[in-house]
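Asks: Just passing along the structure, written as structure tokens.
Taken together, the values in this text are just the output of simple stated rules run on the coordinates, not laboratory data. Predicted model only: the values in this text are computed from it and were never measured. A quick note on method: Cβ atoms are made from the backbone with ideal geometry, for glycine too, and the neighbour counts reach across all protein chains shown.
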Amino acid sequence: MAKILITSGPTRQYLDPVRYLTNSSSGKMGVALCEAALDLGHEVIVVTGPVGVDYPCAARRIDVVTTSEMLRASREMFADCDGLIGAAAPCDYRPVRVADQKIAKTGAPLMLELWETEDIVATLGAEKRDDQWTVGFALETEDPRFRAITKLERKSCDLIVLNGPEAMNSDTNSVEILGPGGELFGSSQGTKPTVAQAILDVIQSHLIASFHKNDKL
Ligand code: C5P
């Protein structure tokens, strides 16, 4: 049995008390991954942004709003986990200035200055111990396999799940699961629960089984 951290859903970066930047993400893939991991007998912690979906009760749920909150909670939880599945769509930008009061309309263009936010999968990938693994997702529209492998390397992932933009807010998904050398370890199309089971099967045989075997050597 492994202890798995799953990030899920979007994050929000507020411009003022009522307006925010976010990503289009339902959290449905995160729910399906939690269920698939629990079905295999693993312990699951889910760090989630604001979503309208319910996670299984057996998963420990930690709610966050911003990307830096997601990073802080994930980092704290990951210390005691075997692996991370980064299924969240964290907001990649945050405003340099956040207004205390609602920004009034003036009729003139509003210029937003944005900082990049921290990358959770990349941060935990860089910090992980030898006995920990990380799995990222890549949503690519152009040259997908090449870009996914580049992302896997940049974020120090052990596997990357490549999906297309049609996955966003949908009940179905179509994925390829790629290893560090670009090896195709699996692919799956169908409902998100079906796809999540296929992803967990690959994680089980390529990461959990071998990482635990190494422990015993
Ligand atoms: O770079 P891109 O957003 O395409 O990478 C997607 C992968 O990186 C997903 O696994 C996503 O959860 C993760 N990610 C993250 N923190 C961010 C942006 C993306 O963990 N700020």
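Asks: Given the Cα-Cα distance of Asp92 and Arg61 and 0.36 nm per residue of separation, how much length would full extension add, in nm?
Replies: Gain in length upon complete extension: 8.9 nm.
Asks: So if the hydrodynamic radius of region 124-163 is defined as the Kirkwood radius over C-alpha pairs, what does Stokes-Einstein give as its diffusion coefficient at 10 °C and 1.306 mPa s, in µm² per second?
Replies: Result for D is 154 µm²/s.
Asks: Could you tell me how many degrees, from 0 to 90 and to the nearest 10, lie between the Cα long axis of helix 28-39 and the main elongation axis, the longest principal axis, of the Cα atoms of the chain?
Replies: 30 degrees
Asks: Which pairs in the list Lys128/Lys155; Lys3/Lys128; Lys28/Lys151 are over 18 Å apart, alpha-carbon to alpha-carbon?
Replies: Where the Cα-Cα span goes over 18 Å, the pairs concerned are Lys28/Lys151.
Asks: Give the Cα extents of region 60-182 along the principal axes, in whole Å, largest first.
Replies: Extents along the principal axes: 53, 35, 28 Å.
Asks: For every helix of n ≥ 4 consecutive DSSP H residues, a contribution of -39,500 (n - 2.57) applies; sum these over the chain, divide by its total residues, and give [θ] at 222 nm rounded to the nearest 500 deg cm²/dmol. Show your work: numbers first, answer last.
Replies: Numbers: 6 runs with 63 residues, N = 217.
That calculation yields -8500 deg cm²/dmol at 222 nm.
Asks: By average Cβ neighbour count within 10 Å, what is the ranking of 192-199, 3-10 from highest down?
Replies: In decreasing order of mean packing, 192-199, 3-10 become 3-10, 192-199.
Asks: What FRET efficiency comes out for Asp171 versus Gln204 if R0 is 25 angstrom and r is the Cβ-Cβ distance? Round to the nearest 0.05.
Replies: Between Asp171 and Gln204 the formula returns 0.55.
Asks: Let me ask something additional. Using label points projected 7 Å from each Cα along Cα→Cβ, tell me how many nm separate Glu153 and Lys102, to one decimal.
Replies: 5.0 nm
Asks: How long is the gain from Asp143 to Glu76 if the chain were fully straight, where each residue apart is worth 0.36 nm and the alpha carbon distance is subtracted?
Replies: My answer for the length gained is 20.6 nm.
Asks: Okay, next question. For region 87-115, list residues with backbone N below 11 Å from a point placed 7 Å from the Cα of Val18 toward its Cβ?
Replies: 102-105
Asks: Report the semi-axes of the equivalent ellipsoid for region 1-134 in whole Å, largest first, where each axis is √(5λ) for an eigenvalue λ of the Cα gyration tensor.
Replies: 32, 16, 10
Asks: Still on this structure, please answer the following. Beta carbons within 10 angstrom, averaged per residue: use that to sort the peptides 150-162, 97-109, highest first. All intermediate terms of the calculation are to be shown ahead of the outcome.
Replies: Working: 150-162: 21.3, 97-109: 8.3.
Top to bottom by mean Cβ count within 10 Å: 150-162, 97-109.
Asks: Quick one: among Ala58, Ala122, Ala138, which has the greatest mean-square fluctuation in a GNM of the chain with alpha-carbon springs under 10 angstrom?
Replies: Answer for the Gaussian network model of the chain: Ala58.
Asks: Between Gly186 and residues 5 or more places away or on another chain, which pairs have amide H atoms under 5 Å apart, with H built 1.01 Å from N, and which residues are they?
Replies: Amide H neighbours of Gly186, under 5 Å, 5+ apart: Ile177.
Asks: Looking at Leu112, Ala122, Val53, which one has the Cα that reaches farthest to the positive end of the dipole of the chain (charges on Cβ: Lys, Arg +1; Asp, Glu -1)?
Replies: After comparing all options, I get Leu112.
Asks: Sequence gap at least 6, Cα distance under 8 Å: using those rules, report the relative contact order of the chain to the nearest whole percent. It would help to have the intermediate numbers written out before the result.
Replies: Working: 471 pairs, mean separation 42.6, N = 217.
It comes to 20 percent, rounded to a whole number.
Asks: Which value, in debye to the nearest 20, describes the size of the charge dipole of the chain about its Cα centre when Lys and Arg Cβ atoms bear +1, Asp and Glu Cβ atoms bear -1, and nothing else is charged?
Replies: Computed about the Cα centre, the dipole is about 440 debye.
Asks: Taking only Cα atoms, what is the 0 to 90° angle, nearest 10, from helix 144-154's long axis to the longest principal axis of the chain?
Replies: Approximately 90 degrees, to the nearest 10.
Asks: Sticking with this structure for a sec: State to the nearest 20 debye the size of the charge dipole of region 1-79 about its Cα centre, where the only charges are +1 on K and R beta carbons and -1 on D and E beta carbons.
Replies: Using Cβ point charges on Lys, Arg, Asp and Glu, region 1-79 gives about 180 debye.
Asks: How much net charge surrounds Glu183 when only other residues with a Cβ under 14 Å from its Cβ are counted (Lys, Arg +1; Asp, Glu -1)?
Replies: Once positives and negatives cancel, what remains is -2.
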